[in-house]
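Step one of this worksheet: look at the structure below.
The values are calculated or read from the model by the stated rules, or taken from the named source; none is laboratory data. Everything quoted here is computed from the prediction, not taken from an experiment. Glycine gets a Cβ as well: all are built from the backbone with ideal geometry, and neighbour counts include every protein chain shown. Accessible surface is based on the protein model in full, side chains and every heavy atom, while ligands, DNA and RNA are left aside. Shrake-Rupley method; radii C 1.70, N 1.55, O 1.52, S 1.80 Å.
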Amino acid sequence: MSIVTVQLGQCGNQIGFEVFDALLSDSHSSQGLCSMRENEAYQASCKERFFSEEENGVPIARAVLVDMEPKVINQTLSKAAQSGQWKYGQHACFCQKQGSGNNWAYGYSVHGPRHEESIMNIIRKEVEKCDSFSGFFIIMSMAGGTGSGLGAFVTQNLEDQYSNSLKMNQIIWPYGTGEVIVQNYNSILTLSHLYRSSDALLLHENDAIHKICAKLMNIKQISFSDINQVLAHQLGSVFQPTYSAESSFHYRRNPLGDLMEHLVPHPEFKMLSVRNIPHMSENSLAYSTFTWAGLLKHLRQMLISNAKMEEGIDRHVRPPLSGLPPLSKMSLNKDLHFNTSIANLVILRGKDVQSADVGKKFRAYIHQYTKFGIEEEDFLDSFTSLEQVVASYCNL
């Protein structure tokens, strides 16, 4: 079954390119350890999910590119075409000449309604190309205006028009030190709206990926391209074809459905994250010795201790014994906490919800939102919604 990827904003389009490039490179890797028949089955399954064939044999990504400025989309289209391995569809992009100014309200209330018909028509045409449609994979950021505001609007429309299809949003949590001055506002509004319209939210934190690049990949001058490549490989590991129970040559047909079935036990608990090992530079691969059992043991301890990368895992954290009080009743001052929500690896952190400052600073920059139709009541509704999410996770 095929997945249609919707790339929104600068961040979404740059990551989307790296994801498709990583998927195609992996499916055509000459270093596979499988037989020729298995490799061919793997390639066919990967192509069915993410690519459609053109007459000249060049795979075309099943993707829709959306941005309110043309620069990044033009760069993305050019890079894909220059690779010679794959490309985007000729009519699969939508862009304008005016951005959203890092304003969620402008992306959601102005660009969304103004361009709704054009964007949804492009998405509809891409869906109609699929023989068997699984759902949408939506890549967007939370800090800016187009990815967050327009992304929330498009996701809401997809829920209205494709209510029977699954929707997974991959969202980038901004740097804690700040990327834009109103990123907390944008993040709160994005999360609260996506929680109503998406089936799963796959979060990646810029700070965590940056640390992986620095400490594990040994990259000295870290660029957004480096971060996006790490993200792409993590996402590729999620969506790569996996064997079904039938045989070694049959892959699971519904990738999004399989993920939702095992990782989203209840609509209230839909926040997910990825733990991926090993991370290392290419120069170190020749000197590495891994066993599958060793990697699984390492990964399990990462999950138990809620570590975001394999370095610095606290091995003293153990699963809770029966009879221990629930997490909500344990002292928050204790040093060690077992992550009781293995299926939802990123717990929405209450401090980030509160960091948008309901107090004195709440009215700072609020006029930038009210002039585009987002009132204070909308902020309060978003806070209330996310406080309920925080409470639900804390009570697990």
- The number of residues in segment 55-104 that are without any contact (Cβ under 8 Å) to a residue 24 or more places away in the chain and either of a type outside the set (G, A, S) or outside the structural domain of V127 (by the TED database) (or both) is 8
- Query: Using beta carbons and a limit of 8 Å, which pairs, at least six apart or on different chains, have the first residue in segment 215-228 and in a loop (DSSP other than H, G, I, E, B) and the second one acidic (D, E) and open to solvent by less than 50 Å² (accessible area, probe 1.4 Å)?
  - Reply: L216/E310; M217/D226; I219/D226
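Do you know which residues across segment 120-158 are charged (D, E, K, R) and surrounded by fewer than 19 Cβ atoms within 10 Å (Cβ to Cβ)?
Correct list: R124, K125, E128, K129, D131.
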- Kindly provide the set of residues from segment 173-186 that are open to solvent by 10 Å² or more (accessible area, probe 1.4 Å) and either assigned to a helix (DSSP H, G or I) or among the aliphatic types (A, V, I, L, M) (or both), ordered by number. V180, I181, V182, Q183, N184, Y185
- Task: Under 6 Å between Cβ atoms, at least 6 apart or on separate chains: pull out the pairs that start in segment 196-208 with a residue that is assigned by the TED database to the domain that holds M142 and end on any residue that is of a type in the set (D, E, K, R).
- Result: S197/E159; S198/K167; D199/K167; A200/K270; L201/K270; A208/K308
- Taking segment 88-141 and keeping only residues that are in a loop (DSSP other than H, G, I, E, B) and farther than 19 Å from G16 by Cβ, one is left with K97, Q98, G101, N102, N103, D131, S132
- Which number in (1) farther than 26 Å from L235 by Cα; (2) modelled with pLDDT under 90; (3) not aliphatic (A, V, I, L, M) marks the one condition that D131 misses? (1)
- Extreme residue, farthest from A61 (Cα to Cα), among residues of segment 142-155 that are under 15 Å from the mean Cα position of the chain (by Cα) and not in a helix (DSSP H, G or I): A143
- Of everything in segment 198-219 that's polar (S, T, N, Q) and farther than 18 Å from V390 by Cα, which residue is least open to solvent (accessible area, probe 1.4 Å)? N206
